[in-house]
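Data first, discussion second: the structure below is written as structure tokens.
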Amino acid sequence: MNPRLVHKVRDALDRAGFDSVRIVVSGGFTVEKIREFEEEGVPVDAYGVGSSLIRGSNDFTADIVMTDGKPTAKVGRGHRPNPRLELVS
């Protein structure tokens, strides 16, 4: 994610009358990168930080890949059945 892209998205949304739509960015954000975006005044409403702020040996992220039995994964991701998992209701 780069500041120029966020500005272009914000401008396009505003021109189309969607000024109430909020922008959430994610992917590779660290404390330093968030600080840079904030100092530059990039129009971001929320940051997805994933594992960059986790310390220790539990460094992992998870994606929602299925909702109500329907695939919902991002491109390049998908459902991988695991016989060790059990449904929790």
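The values are calculated or read from the model by the stated rules, or taken from the named source; none is laboratory data. What you see is a predicted model; the values in this text were computed from it and never measured. Reconstructed Cβ throughout: ideal geometry from the backbone, glycine too, with neighbour counts over all protein chains shown. Protein only, heavy atoms only, side chains kept; ligands, DNA and RNA dropped before computing areas. Shrake-Rupley method; radii C 1.70, N 1.55, O 1.52, S 1.80 Å.
In region 55-69, what residues are at pLDDT 80 or above, among the acidic types (Asp, Glu) and either open to solvent by 90 Å² or more (accessible area, probe 1.4 Å) or within 19 Å of Asn2 (Cα to Cα) (or both)?
Result: Asp68, single match.
Listed here are the residues, each with its yes/no results for (1) out of contact with any His (no Cβ under 9 Å at 6 or more places or on another chain); (2) among the aliphatic types (A, V, I, L, M); (3) at pLDDT 90 or above; (4) part of a loop (DSSP other than H, G, I, E, B).
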| position | (1), (2), (3), (4) |
| --- | --- |
| Phe18 | yes, no, yes, yes |
| Val21 | yes, yes, yes, yes |
| Gly28 | yes, no, no, yes |
| Pro83 | yes, no, yes, yes |
| Ser89 | yes, no, no, yes |
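I'm trying to understand the selection: among the residues of region 20-45, which are open to solvent by 80 Å² or more (accessible area, probe 1.4 Å) and either on the phi > 0 side of the Ramachandran plot or in contact with a helix residue (DSSP H, G or I) (Cβ under 7 Å, 6 or more places away or on another chain) (or both)?
Hit for region 20-45 is Glu40, nothing else.
Mind checking which residues of region 70-89 are of a type outside the set (Ser, Thr, Tyr), open to solvent by 100 Å² or more (accessible area, probe 1.4 Å) and over 16 Å from Gly27 (Cβ atoms)?
Lys70, Pro71, His79, Arg80, Pro81, Pro83, Arg84, Leu85, Glu86, Leu87, Val88
Could you go through region 32-54 and let me know if any residue there is modelled with pLDDT of 90 or more, assigned to a helix (DSSP H, G or I), aromatic (Phe, Trp, Tyr) and more than 30 Å from Gly78 (Cα to Cα).
Scanning region 32-54 turns up at least one residue that is modelled with pLDDT of 90 or more, assigned to a helix (DSSP H, G or I), aromatic (Phe, Trp, Tyr) and more than 30 Å from Gly78 (Cα to Cα).
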